[in-house]
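To start, the structure itself, in structure tokens.
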Amino acid sequence: MSMANQRLKVLVVILLGFSAALARLPQAPQRVPAPQKIVREGIAVEFTIESRKERATDLLEGDDATVRFKITESNTGQPISRLHPSAWIDLKRTGPVPDERQCREKVQSFLQSSFNRRADLDLNSYFILTLNHEPNVSVIDPLSGFGGSKLLGLIPLTSPGEDWVMSSDQRRLFVTMPDSGQVAVIETSSWKVLTQINAGVKPSRITLQHDGKYLWVDNEGADEASDGITVIDAVTSKVVAHIVTGAGPHQIAFSENDRYAFVTNKQSGTLSVIDVPRLARVKVLKVGSLPTALAASPLSKAIYVINEGDGDVVVMDEQRLEILTRIKTRPGLRAIRFTPDGRFGFVVNTKANVVYVFDAATNALLNTVPVGQAPDQVSFTRNFAYVRSSGDEFVSMISLTDLGKQGAGASVTRFPAGQKAPGLSRHFSAADAVVAAPEDGAVLVANPADQTIYYYMEGMAAPMGNFQNYHRDPTALLVLDRGLRETSPGVYTTTVRLNGHGSYDVPFLLDSPRVLNCFDIEVRENPQLAKQKEIPIRIDPPGTIPVGYAGESLHLRFRVLDAITGKPRSDLKDVGVLAFLAPGIWQQRDWATPAASGVYEMNFVPPQAGVYYVFFQCPSLGVQFNQLQHWTIEVKERRAKPAPATTSKNFSK
């Protein structure tokens, strides 16, 4: 053996021995939180929380995490469905896991509308988003608004939005802005616009594939080259293709497996078929006069195109790409939507004031249902189809219970969603104005003419309440549900962003049967995050945040507390207050005057009714306006001044 070969053999032996030694070294323990389980009242509740980051071994500050409660019968292990559990995540103030009494008191404090004691993360909340006629999106907190106002904030846009779609994980909201030729990408955890994508000429309708890979945007260009569809990678926010399809406007639908995209070309009277993997047009079918909308049925595996001009519903096989049949109705078709199971199709006829119901299993027309004036949209809950009418204030409800039964007709009721017909507003969006609320059997209805969102519960004669949109026309609605949702039988899940670090309690409440417990988790400080300076103070309202009146002095009182000890800070000379009228058309800055026990005061005169934001700063402590929790204050119209007192005179002879 040569000297070189001997040296190579020795080196190999050394390396193998070193690798074996490494394999024998103790590995760092996996610190993925172990499941926590309790059994009470015949109910077993298993709690887990996992980081959404790949190969994560810890819960880290700033990461998204999946919270999961698995609820089963303790004896049989059978999952229990259709429950409504409540939960919170709250930083431990002192001591170990709360005992039963302390846990109960903590839950009771969270159930009360108190701004002095709110959980760090509320796993029961949801937000109402409204697409407005102004260049912004309203974020409404229906459960715990500040100072009588439910408006949590406004997301500014470059130009007014036309349509929108949310990612399946609800982390991104995509909004088309025709006037600026862009799509805004909004992060829902921070309510901030992350980027704006140049999306062709007049981007209007927007759709997301089932798998979430591509966004498809309708372009309404003036010539053949600029008309068609822009395709955007939903992850990278980059445009990957522009596909010429025909003269629009366009609407888009997909086959169940996302193999094909189908695009209507209204002025051309055609349907374009796009091969999604190749992003290339592979077929064009002549479908009729003014194809205006389409929908896919997963049950029949067919695409249904409605023609506004001739009233045909064209049925096309989504795999063979051939027209199967036509369902004959009357001209004036506007919208088509399938029930959640894909069985029954609902087609809205704006001119005839009816809704056609057909069976996707047979492609046979079942019912022609009279509804309100100029119906233009349809949406669903589990038991009803809701038809919005633009010509009057009523929403029609069509029962889904007896559809398809032999000899059964369609049962219709209606309720008033406001005082005015939505069509009286000059502002319109093709996006949904009626959406299901998180509560079962409830919907939210946007009426742009009333500038109001109405909350309706099935079985009632009228809406139970409403949310003001503060002088903005809400043209469309979305619900961002941050609450626990049943994702599989007996498993209730939500996603949260862990915005802090430390030891946290996770109070859990099941109302019936009554089960209450406080679990606990540990969130580590994330070394990869840019270290921000700790905020040394916090601002608390001493009581109820006031409601103001236009033209009258509004007296603000607030308490400044040490963020760590909670003790009042009465020694600060530079507590600044910024008050401005949304969306920024008036503002006033001033220094607050110290009172006693950490209370500070400031006055301003709101010039008009509306929603005002109030921000706080303290330059000597390095605290800027954007670092402290702001307030939202509702200012109402001017109050009528009382009549001057009259002086009576006693004339005696």
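The values are calculated or read from the model by the stated rules, or taken from the named source; none is laboratory data. What you see is a predicted model, and the numbers here were worked out from it, not measured in a lab. Because the Cβ atoms are built from the backbone with ideal geometry, glycine has one as well, and the counts that use them run over all protein chains shown. These area figures cover heavy atoms from the full protein model, side chains too; ligands, DNA and RNA do not enter into them. Shrake-Rupley method; radii C 1.70, N 1.55, O 1.52, S 1.80 Å.
Points worth noting:
- Within the stretch 622-650, residues that are closer than 18 Å to Val611 by Cβ reach partners that are hydrophobic (A, V, I, L, M, F, W, C) and modelled with pLDDT under 60 with beta carbons closer than 6 Å, at six or more positions or on different chains, in the pairs Trp631/Phe146; Thr632/Phe146.
Residues checked against (1) assigned to a loop (DSSP other than H, G, I, E, B); (2) modelled with pLDDT of 90 or more; (3) within 28 Å of the chain's Cα centre (by Cα):
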{"residue": "Val506", "(1), (2), (3)": "no, yes, yes"}
{"residue": "Leu509", "(1), (2), (3)": "no, yes, yes"}
{"residue": "Leu516", "(1), (2), (3)": "no, yes, no"}
{"residue": "Phe519", "(1), (2), (3)": "no, yes, yes"}
{"residue": "Lys531", "(1), (2), (3)": "yes, no, no"}
{"residue": "Ile535", "(1), (2), (3)": "yes, no, no"}
{"residue": "Gly543", "(1), (2), (3)": "yes, no, no"}
{"residue": "Gly551", "(1), (2), (3)": "yes, yes, no"}
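- Those strands (runs of 3 or more DSSP E) lying entirely in the stretch 138-242 with at least 3 residues open to solvent by less than 40 Å² (accessible area, probe 1.4 Å): 151-156, 163-166, 172-177, 182-187, 203-208, 214-219, 228-233
- The stretch 401-433 - residue that is open to solvent by 40 Å² or more (accessible area, probe 1.4 Å) and among the hydrophobic types (A, V, I, L, M, F, W, C) and, of those, nearest to Met177 (Cα to Cα): Phe428
- Of the residues in the stretch 384-400, at least one is touching a residue at least 60 places away in the same chain (Cβ under 8 Å), open to solvent by less than 70 Å² (accessible area, probe 1.4 Å) and closer than 30 Å to Met316 by Cβ.
- Apart from one condition, Pro249 fits all of (1) open to solvent by 40 Å² or more (accessible area, probe 1.4 Å); (2) assigned to a strand (DSSP E or B); the exception is (2).
- Residue tally, condition modelled with pLDDT of 95 or more and closer than 18 Å to Thr245 by Cα, over the stretch 210-224: 6
- When the stretch 428-451 is limited to residues that are within 14 Å of the chain's Cα centre (by Cα), under 21 Å from Pro85 (Cα atoms) and part of a loop (DSSP other than H, G, I, E, B), the one that is modelled with the highest pLDDT turns out to be Ala437.
- Filtered by the rule that a residue be more than 29 Å from the chain's Cα centre (by Cα), within 20 Å of Leu154 (Cα to Cα) and open to solvent by less than 50 Å² (accessible area, probe 1.4 Å), the stretch 606-627 gives a lone residue, Pro606.
- The one condition from (1) open to solvent by 20 Å² or more (accessible area, probe 1.4 Å); (2) in contact (Cβ under 8 Å) with a residue 40 or more places away in the chain; (3) touching a Gly at 6+ places or on another chain (Cβ under 7 Å) that Leu131 does not meet is (1).
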